[in-house]
Amino acid sequence: MNEYVKKDLKYIWHPCGQMKDYEDLNPIVIEKGEGVWLYDIDGNKYLDCISSWWTNTLGHSNKRINEAIKKQIDSIEHVIFANFSSKPAIELAEKLVNITPEKLTKVFFSDNGSSAVEIALKMSFHYNMQKGNTKKKRFVTLSDAYHGETLGALSVCDIDQFNMIYKPLLLDTIRVEGPDCYRCKYDCIRDNCSAECFESMENCIMKNHEEISAIIVEPMVQGAAGMKIYSPVYLRKLRELCDKYEIHLIADEIAMGFGRTGEMFACNHAQISPDFMCLSKGISAGYMPMSVVMTTDEIYDCFYGDYSERKSFLHSHTYSGNAIGCAIALENLKIFEEDNIVENSREKGQLIRKLTLEKSKTSKHVGEVRSIGMITAIEIVKDKWTKEGYPWHMRVGYEIYRIALKKGLLLRPIGNVLYFIPPFIISKEEIKFMINTCFQSIEEYFIESKL
Ligand SMILES: *Cc1c(COP(=O)(O)O)cnc(C)c1O
């Protein structure tokens, strides 16, 4: 066994999994990245079709971003963000205000997605306390939602594996049955969906609006739920009722922001402006931990005053507004603009969808192919008619992932859902390799396991 692997196993506790797995499937030590490819210390290469947990936008070791970092490092790497600021932070804030929905005018910096969610929840609650809405102290979340894993963020998650054990520590959140287009209980026409499933949200709001501070959603796509895509009509209805009942709408665009859905921000599909927008992951091109919460003048103004009034938002993260992170984000956005990344991604997304659909036709195991923008997901089912899936403990996705790794493809399935969310710079040839390898892995798994 390689020395690095030995030491990794000895010293490191990896995220989101069972360490026992690592003894069988050893940690893969990556030495180099280039474009969509990752190279390990044994000379194997892997196509990173999940953008290293949905972060990488323009490929690994992107020349322009590398240059921007080098340039920034020679001036200022980081400076305390209280009372101090930096050119890249200021330029980035201006840029973000210009490209996000119109009501978002203020930028609060942080350093990871969960923190951004915490900030939005705290700001919403604090706003209501200041306004004398002392009953408004609960949050609403959708079934299968994912918003991060610190305690506040976990409180608005609805993924049992992540939060079941911690329930005694979590906030008293209201959970609403959300959209589920693949297993829709309403007779919706897919391409002309009127989001009848909004009914449960409407009932919840009617019943609880006096107590609700904010509703948090992942606009258009519930990523960690298995790339569950839903209608923009749902978001428009939600915006309308939030306005009517003075409830904040928090758009968690941590995963879907920066072009993944074929629009710069997922909210753009519904043409809505949320009260808070959380951004992270793709913001810094997959290079640095970084996040922001964007909000409105109305909320900002409510916090403006003197200390004695308890108006100040006393929340900070040490690395807020890190200058290198901001320089990266700025260069990332510059490339997005100059190379028309979002517009050009639509055609690539269509190609991924088309090829995946073609392949899935001959597969007995694919229940649904769903896609939006650069995201395409494949749900493996036991029975196409009943849409019954394989139970979690069989780890069908994980086994397919292991087969794909040997063939040079890095998938990271969620349960029975395999998905592609590659860096935008992926080529046609690479797209073909990605899809062919994925389907070969699926078929091989089912032949070997005799399922
Ligand atoms: C990844 C993610 C988060 C959490 O971000 P971290 O940086 O991992 O804390 C929150 N919400 C959504 C939608 C995400 O995809």
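Scan the range 153-170 for residues that are open to solvent by 90 Å² or more (accessible area, probe 1.4 Å) and either within 16 Å of the ligand (Cβ to nearest atom) or not β-branched (Val, Ile, Thr) (or both) and the total you get is 6. Checked against the criterion of being among the polar types (S, T, N, Q), more than 12 Å from the ligand (Cβ to nearest atom), closer than 18 Å to Glu218 by Cβ and in the same structural domain as Ala195 (by TED's automatic domain parsing), the candidates Thr150, Thr173 yield just one match: Thr173.
Among residues of the range 98-124 being crowded, with 21+ Cβ neighbours inside 10 Å and β-branched (Val, Ile, Thr), the one that is nearest to the ligand (Cβ to nearest atom) is Val117.
Only one entry of Ser291, Ser308 meets the criterion of being of a type in the set (Gly, Ala, Ser) and in contact with a strand residue (DSSP E or B) (Cβ under 9 Å, 6 or more places away or on another chain), and that entry is Ser291.
Give me the pairs, please: first residue somewhere in the range 237-264 and open to solvent by 10 Å² or more (accessible area, probe 1.4 Å), second residue anywhere and of a type in the set (Gly, Ala, Ser) and assigned to a helix (DSSP H, G or I), beta-carbon distance under 7 Å, and either six or more positions apart or on two chains. Hits for this filter: His248/Ser124; Ile254/Gly113; Ile254/Ala116. Taken together, the residues in the range 75-107 that are over 24 Å from Asp275 (Cα atoms), charged (D, E, K, R) and in a helix (DSSP H, G or I) amount to 1.
Among the residues of the range 28-49, count how many are part of a loop (DSSP other than H, G, I, E, B), in contact (Cβ under 8 Å) with a residue 40 or more places away in the chain and of a type outside the set (Asp, Glu).
Kept after step one, since they are part of a loop (DSSP other than H, G, I, E, B), are these residues of the range 28-49: 28-29, 36, 41-44, 49.
Filter once more, keeping what is in contact (Cβ under 8 Å) with a residue 40 or more places away in the chain: 28, 36, 42, 44, 49.
Checking which are of a type outside the set (Asp, Glu) leaves us with 28, 36, 44, 49.
Residues meeting the conditions: 4.
How about the range 207-228: which of its residues are touching a helix residue (DSSP H, G or I) at 6+ places or on another chain (Cβ under 8 Å) and polar (S, T, N, Q)? Within the range 207-228, just Ser213 meets the criteria. The set of residues in the range 256-287 being among the aliphatic types (A, V, I, L, M), within 19 Å of Lys348 (Cα to Cα) and within 12 Å of the ligand (Cβ to nearest atom) consists of Met256, Ala266. Taking the conditions exactly as written (at positive phi, of a type in the set (Gly, Ala, Ser) and either out of contact with any Asp or Glu (no Cβ under 7 Å at 6 or more places or on another chain) or in a helix (DSSP H, G or I) (or both)), does Ser52 satisfy them or not? Here the answer is yes, as Ser52 does meet what is asked.
The values are calculated or read from the model by the stated rules, or taken from the named source; none is laboratory data. Values in this document were obtained by computation on a predicted structure and should not be read as measured data. All Cβ positions, glycine included, derive from the backbone under ideal geometry; neighbour counts span all protein chains shown. For the accessible areas, the whole protein counts, side chains as well, though only heavy atoms, and no ligand, DNA or RNA atoms are used. Shrake-Rupley method; radii C 1.70, N 1.55, O 1.52, S 1.80 Å.
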